[in-house]
Amino acid sequence: MTIHFFSSNTRTFILAVGVGISLAFYFLLSIYIFPNMYRGLPKLKPIPVISNVTIYPSIVHLGKTFDFNVVAENAGDNADIQIISIAFPNMTHLDGLVGIKRSDFTQKPVFIKVGDKVGSDYVGEESPINARYASLEFFSRPWHSTVIHHLQLQIRPEIVGKFVIFLKAIALPHLNDFAHYPRRGIKDFQNEFVSVYSLRVA
């Protein structure tokens, strides 16, 4: 004979109380304890750096091409995403004018057209604006500490005169001034610092 110490109603009540306590403990962990533990962890500080840029040849004739080579690295902690952005203020489009000869980034590059939505103020898509000129973005996700990436573009200018290129690097999430390169100088339409390179088109 089986002896039941509690009635059926009492057992149901105890089960309901147990489930309620378990749910309360789960919500306490997920809403308060885990977020506070996460905030207490040291923040990673990636440091994007453009370590080398070469343009060859330094003078190009209209209709001919030149090579634009970039070496980039992360001199800090691991980055969730690190982006190398190359913009062309003299160009309204890149089709047939900019080709990728070499790239060892982990993700596919993104071609940006005039009018496309892009991020600004180092907060990415949280502050979107329309692109004013064509650009190309290379990125790795993640980009580990001390890892170096290379890219080589072949570019054919459409106009005679001074041809300008804007170059910058950004680590996301952007936590401080070391998370972008360069850290000073002129700013582009995205309100972000850029290094400026140019050559003469004859």
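Go through Ile83, Ile47 for me and flag whichever is of a type in the set (Val, Ile, Thr), within 26 Å of Asn191 (Cα to Cα) and out of contact with any helix residue (DSSP H, G or I) (no Cβ under 7 Å at 6 or more places or on another chain). Even if it seems obvious, please write down each step before you answer.
On the way: Ile47 fails: out of contact with any helix residue (DSSP H, G or I) (no Cβ under 7 Å at 6 or more places or on another chain).
Exactly one of Ile83, Ile47 is of a type in the set (Val, Ile, Thr), within 26 Å of Asn191 (Cα to Cα) and out of contact with any helix residue (DSSP H, G or I) (no Cβ under 7 Å at 6 or more places or on another chain), namely Ile83.
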Reported set for the stretch 70-104 where residues are at positive phi and surrounded by 15 or more Cβ atoms within 10 Å (Cβ to Cβ) is none
Taking the stretch 89-120 and keeping only residues that are in contact with a Ser or Thr (Cβ under 7 Å, 6 or more places away or on another chain) and among the aliphatic types (A, V, I, L, M), one is left with Ile112, Val114
Going through (1) touching a Ser or Thr at 6+ places or on another chain (Cβ under 9 Å); (2) under 19 Å from Phe68 (Cα atoms) one by one, Ser140 fails only at (2)
Filter the stretch 6-55 for residues that are of a type outside the set (Lys, Arg), loosely packed, with under 11 Cβ neighbours inside 10 Å and closer than 30 Å to Ile84 by Cβ; the one that is modelled with the highest pLDDT is Pro42
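From the set of residues in the stretch 135-152 that are under 14 Å from Ile112 (Cβ atoms) and modelled with pLDDT of 95 or more, which is farthest from the chain's Cα centre (by Cα)? Before the answer, list the steps.
The initial filter retains those residues of the stretch 135-152 that are under 14 Å from Ile112 (Cβ atoms), namely 135-139.
Still in the running and modelled with pLDDT of 95 or more: 135-138.
On the way: Ser135: 14, Leu136: 12, Glu137: 9, Phe138: 9 Å.
Selected residue: Ser135.
Quick one: is Ala75 among the aliphatic types (A, V, I, L, M) and either in contact with a helix residue (DSSP H, G or I) (Cβ under 8 Å, 6 or more places away or on another chain) or modelled with pLDDT of 85 or more (or both)?
Details: among the aliphatic types (A, V, I, L, M): yes; either in contact with a helix residue (DSSP H, G or I) (Cβ under 8 Å, 6 or more places away or on another chain) or modelled with pLDDT of 85 or more (or both): yes.
Yes, satisfied.
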query = Scanning for something of a type outside the set (Lys, Arg), outside any strand (DSSP E or B), surrounded by fewer than 13 Cβ atoms within 10 Å (Cβ to Cβ) and more than 15 Å from the chain's Cα centre (by Cα), does the stretch 113-123 turn up at least one residue?
reply = yes
By my count, strands (runs of 3 or more DSSP E) wholly in the stretch 48-112 with at least 3 residues that are over 17 Å from Gln154 (Cα atoms) are 48-56, 66-74, 81-88
Those residues of the stretch 80-108 that are within 16 Å of Lys168 (Cα to Cα) and of a type in the set (A, V, I, L, M, F, W, C) come to a total of 7
Residues of the stretch 155-181 being under 20 Å from the mean Cα position of the chain (by Cα), touching a residue at least 60 places away in the same chain (Cβ under 8 Å) and either more than 20 Å from Asn52 (Cα to Cα) or part of a loop (DSSP other than H, G, I, E, B) (or both), in sequence order, are Leu172, Pro173, Leu175, Asn176
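The values are calculated or read from the model by the stated rules, or taken from the named source; none is laboratory data. Everything numeric in this text was worked out from a predicted model, so none of it was measured. A quick note on method: Cβ atoms are made from the backbone with ideal geometry, for glycine too, and the neighbour counts reach across all protein chains shown.
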